[in-house]
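First up is the structure itself, then whatever we jot down about it.
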Amino acid sequence: MESPTERSYAQALDRDDPLRSYRNEFLFPRQRTGQPVVYFTGNSLGLQPVETRRYVLRELDKWGSMGVEGHFESPAPWYSYHELFAAPMANIVGAQPHEVAVMNSLTTNLHLLMVSFYRPDSKRYKIVIEKGAFPSDRYAVASQAHFHGFDPKDAVIELAPRDGEATLRNEDIVATLEAEGDSIALVMMAGVNYYTGQVFPMKEITEVAHKLGITVGFDLAHAAGNIPMQLHDWDVDFAAWCTYKYLNSGPGGVAGIFVHDRHKFAPDRPRFSGWWGNDPSTRFSMPDAFVPQEGAGGWQLSNAPILPMASLRASLDLFEQAGFDALQSKSQKLHSYLRTLVAKIPNIPFEPLTPSEEERHGCQLSIRQPDPNQANDMANFLRERGIISDVRNDVIRIAPVPLYNSFEDVWYFYDTLREFCERQ
Ligand SMILES: *Cc1c(COP(=O)(O)O)cnc(C)c1O
């Protein structure tokens, strides 16, 4: 058997990969040489599917040739265009179709959902988030607490790893929830931390929180399209995610929400409403009083942004074709191959921050590198050799995406990093 550090080993893995042809369904930025780059930042902005242009052009052409009549013209009339996402998006997060809606952008949706699901009173008002959460999420929860008259310093509990550790232990999450249970109104944390790549135990957190009377929402920006989830079965109250990362919808793409079936009849639950969330059967009779449609769709505000939605459809169709199980299986293999190779770089103590257990990581591997002063040199070295990755201070984040990355990409990253280290 050849060694994993040989290029031919990676090439053999690619030959055995049933998803290898999906790479051809994506557009890769080019290097100066004309060669495609090796792209490892699908956790930040997914690549453009080749078909996206056609999906978007179809809607532009419809607009050009029909004007307002495009709202009702088949196929895919704009009036009901958002409904096309119910089934494929439900598959991505493990939901029933009426539990998901595609609308707005991520941070907007976090706020809209917290308006409905963060209902603090003087005793139970705290929000739990992970320390080192994405800044927008920290700003969102702090501003929600403030909006309700609480001091975020007191109202926001940050779950921190133990000293000397990079990621949270499940038992520490549970212990905090149990210790502060009566005062916590909401858990609002990521499903996958954007920096460490750690997958949080969403099912267990939800179970423990619900026993304590706490509402649970997750930000799935780094989870949607990356890891398998069963939001409905896990009984999660609500969730929100963007689609331009692993779901390849393009910069600033339209976002997704989940609201559990349990909350589908909730006429009395406070929410900020708009006509698109009204019951479709009376939407155009424009009743005086808002009658929410059942399910996540009731949180929609405005008529659907068709162009970014067309772009999202192009990518979701690829997910449906490839199949989530196959993607998962390849994702795990790419990740463990990357981990194996990085550990083989001689004499350099690269330390993975991302947990190694299969259920605690997605495709991303975050690696602490020993010398933060080298970050710029390392980033330039990789970039000059055609690798797009995220090197910041002492951490390199690499996300091999099963739809368009190959085992040879992973090998090439290893070999380039090894060469950089040898030159130091
Ligand atoms: C990417 C990301 C965001 C970005 O929010 P936008 O509203 O889409 O700009 C927010 N939160 C998390 C956790 C993210 O990973």
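The values are calculated or read from the model by the stated rules, or taken from the named source; none is laboratory data. A quick note: this is a predicted structure, and the numbers were derived from the prediction, not measured. Reconstructed Cβ throughout: ideal geometry from the backbone, glycine too, with neighbour counts over all protein chains shown.
Taking the condition farther than 30 Å from ASN248 by Cα, more than 16 Å from the ligand (Cβ to nearest atom) and either touching a Lys or Arg at 6+ places or on another chain (Cβ under 6 Å) or not in a helix (DSSP H, G or I) (or both), does ALA185 pass?
yes
Can you list the helices (runs of 4 or more DSSP H) lying wholly within the stretch 17-122 that have 1 or more residues being modelled with pLDDT under 95 and closer than 30 Å to ASN405 by Cα?
none
Show the residue pairs that are 6+ apart or on different chains and have beta-carbon atoms under 6 Å apart, the first residue being within the stretch 174-196 and over 30 Å from ASN43 (Cα atoms), the second being within 16 Å of the ligand (Cβ to nearest atom).
ILE184/VAL128
Hey, can you tell me all the residues within the stretch 218-233 that are in contact (Cβ under 8 Å) with a residue 60 or more places away in the chain and either among the aromatic types (Phe, Trp, Tyr) or more than 12 Å from the ligand (Cβ to nearest atom) (or both)?
Selection gives GLY225, ILE227, PRO228, MET229, GLN230, LEU231, HIS232, ASP233.
Quickly run through the stretch 236-262 and pick out the residues that are in contact with a strand residue (DSSP E or B) (Cβ under 8 Å, 6 or more places away or on another chain) and without any contact (Cβ under 8 Å) to a residue 40 or more places away in the chain.
Once the filter is applied, which keeps residues that are in contact with a strand residue (DSSP E or B) (Cβ under 8 Å, 6 or more places away or on another chain) and without any contact (Cβ under 8 Å) to a residue 40 or more places away in the chain, the stretch 236-262 yields only VAL236.
Looking only at the stretch 114-122, decide whether some residue is surrounded by 20 or more Cβ atoms within 10 Å (Cβ to Cβ), within 16 Å of the ligand (Cβ to nearest atom) and in contact (Cβ under 8 Å) with a residue 60 or more places away in the chain.
Within the stretch 114-122 (the criterion being surrounded by 20 or more Cβ atoms within 10 Å (Cβ to Cβ), within 16 Å of the ligand (Cβ to nearest atom) and in contact (Cβ under 8 Å) with a residue 60 or more places away in the chain), the answer is yes, since at least one residue qualifies.
Residues that are more than 17 Å from THR196 (Cβ to Cβ) and in contact (Cβ under 8 Å) with a residue 60 or more places away in the chain, at least 1 per element: which strands (runs of 3 or more DSSP E) completely within the stretch 339-424 meet that?
Answer list for the stretch 339-424: none.
Considering SER315, SER331, which residue is part of a helix (DSSP H, G or I) and assigned by TED's automatic domain parsing to the domain that holds ASN109?
SER315
Is one or more of the residues making up the stretch 348-362 touching a Gly at 6+ places or on another chain (Cβ under 6 Å) and crowded, with 17+ Cβ neighbours inside 10 Å?
Yes, the stretch 348-362 has at least one match.
Can you name the condition, by its number, that VAL102 falls short on among (1) more than 20 Å from GLY250 (Cβ to Cβ); (2) within 16 Å of the ligand (Cβ to nearest atom)?
Only one criterion is unmet by VAL102, namely (1).
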